[in-house]
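In what follows, a structure is listed as structure tokens, so that the remarks can point back to it.
The values are calculated or read from the model by the stated rules, or taken from the named source; none is laboratory data. Since the model is a prediction, treat every value here as computed from it, not as a measurement. Glycine gets a Cβ as well: all are built from the backbone with ideal geometry, and neighbour counts include every protein chain shown. Remember, those area values only see protein heavy atoms, side chains included, never the ligands or the DNA or RNA. Shrake-Rupley method; radii C 1.70, N 1.55, O 1.52, S 1.80 Å.
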Amino acid sequence: MVTQPAVHGWTYEEFANLPDDGNRYEVIAGELYVTPSPTSIHQRVIMRLGAMIEVFTQEHGLGTLFSAPYDVIFGEGDYLEPDLLFVRREREEIVKDHAMVGAPDLVVEVLSPSTARRDRSLKRERYAAYGVPEYWIIDTDLVQVDIYRLSGGDLRRTEVATDFLRWRPAPGAPELIIDVKHLMRAPTDYSRPRTAN
């Protein structure tokens, strides 16, 4: 991870004009972070999870899913690019062509060696500060999903899913059940997901 301290307050226009060079750029609490392209396991997990959530949410008319690269403008000096983000249908006015302007209902980050520390601390703190209600951190080394939910202004880890992850995008909504081990399976494993009891 290369970190460049901010020498001035970053406007979104300045941020949007950073080069399209395969790196991921984010401004977090006024500081510019540059991260190299993600690993293959990172990409596989995001594609698999994104496909599951997209089919589920579209089938039930629950909202819209986005994957990186898509900016989230939380506030001046906080322009982040989560791996996956979901916004409920009744809040889709925050979705703009160039970026999401406001807090998504779900943010997902897959840990990489270069981003793990930032995902677990700084980004979690910023997501909490702007009111993201649910945050998942996917750890492919431990084969688990840490689920954080907003409580008292902090995103607190309320669950660690190692077998099945159960998600309802809104109270009373249908439930999506994700086989965690199957989500993180090897690229040559074409088995079907297990069924939860």
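Six or more apart or on different chains, Cβ atoms under 9 Å: show the pairs whose first residue is in the stretch 80-97 and under 24 Å from GLU31 (Cα atoms) and whose second is exposed (fewer than 13 other Cβ atoms within 10 Å of the Cβ) and modelled with pLDDT under 95.
Here the result reads GLU81/PRO69, each pair linking the stretch 80-97 to a residue that is exposed (fewer than 13 other Cβ atoms within 10 Å of the Cβ) and modelled with pLDDT under 95.
Between a residue in the stretch 113-141 that is closer than 21 Å to VAL101 by Cβ and among the acidic types (Asp, Glu) and any residue that is surrounded by fewer than 16 Cβ atoms within 10 Å (Cβ to Cβ) and at pLDDT 95 or above, which pairs come within a Cβ distance under 9 Å, given they are 6 or more apart or on different chains?
Final answer for the pair search is GLU125/ASP154; GLU134/ARG149.
Can you list the helices (runs of 4 or more DSSP H) found entirely within the stretch 105-197 that contain at least 1 residues being of a type in the set (D, E, K, R) and under 14 Å from the mean Cα position of the chain (by Cα)?
Numbers: elements: 116-120, 122-129, 180-183.
Of the helices (runs of 4 or more DSSP H) lying wholly inside the stretch 105-197, those with at least 1 residues that are of a type in the set (D, E, K, R) and under 14 Å from the mean Cα position of the chain (by Cα) span 116-120, 122-129.
Condition check ((1) outside any loop (DSSP other than H, G, I, E, B); (2) under 24 Å from ALA186 (Cα atoms); (3) under 16 Å from the mean Cα position of the chain (by Cα)) across all residues:
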| position | (1), (2), (3) |
| --- | --- |
| ASP21 | no, no, no |
| GLU26 | yes, no, yes |
| TYR33 | yes, no, no |
| VAL45 | yes, yes, yes |
| ILE53 | yes, yes, yes |
| LEU65 | yes, no, yes |
| PRO69 | no, no, yes |
| ASP97 | no, no, no |
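Which residue out of ARG192, ARG124, ARG149, ARG157 is exposed (fewer than 14 other Cβ atoms within 10 Å of the Cβ) and either over 30 Å from ARG89 (Cβ atoms) or at pLDDT 95 or above (or both)? If you could, list the steps in order and put the result at the bottom.
Working: ARG192 fails: either over 30 Å from ARG89 (Cβ atoms) or at pLDDT 95 or above (or both); ARG124 fails: exposed (fewer than 14 other Cβ atoms within 10 Å of the Cβ); ARG149 fails: exposed (fewer than 14 other Cβ atoms within 10 Å of the Cβ).
Answer to the selection: ARG157.
Conditions first: (1) surrounded by fewer than 18 Cβ atoms within 10 Å (Cβ to Cβ); (2) more than 13 Å from the chain's Cα centre (by Cα); (3) modelled with pLDDT under 90. HIS60 passes all but one, so which condition is the exception?
(3)
For the condition within 28 Å of ILE177 (Cα to Cα), of a type in the set (Gly, Ala, Ser) and open to solvent by 50 Å² or more (accessible area, probe 1.4 Å), what is the one hit in ALA29, ALA68, ALA51?
Numbers: ALA29 fails: within 28 Å of ILE177 (Cα to Cα); ALA68 fails: open to solvent by 50 Å² or more (accessible area, probe 1.4 Å).
Only one candidate passes the filter, namely ALA51.
Does at least one position in the stretch 30-39 carry a residue that is of a type outside the set (S, T, N, Q), modelled with pLDDT of 85 or more and in contact with a Gly (Cβ under 8 Å, 6 or more places away or on another chain)?
Within the stretch 30-39, one or more residues are of a type outside the set (S, T, N, Q), modelled with pLDDT of 85 or more and in contact with a Gly (Cβ under 8 Å, 6 or more places away or on another chain).
Look through GLU81, GLU90, GLU76 and report the one residue that is more than 25 Å from ASN23 (Cβ to Cβ) and not hydrophobic (A, V, I, L, M, F, W, C). Explain how you work it out, then say what you get.
Values: GLU81 fails: more than 25 Å from ASN23 (Cβ to Cβ); GLU76 fails: more than 25 Å from ASN23 (Cβ to Cβ).
Going through GLU81, GLU90, GLU76 in turn, the sole match is GLU90.
Please go through the stretch 152-197 and give me each residue that is of a type outside the set (Ser, Thr, Tyr), in contact with a His (Cβ under 9 Å, 6 or more places away or on another chain) and farther than 22 Å from LEU62 by Cα, ordered by number.
ASP189, ARG192, PRO193, ARG194
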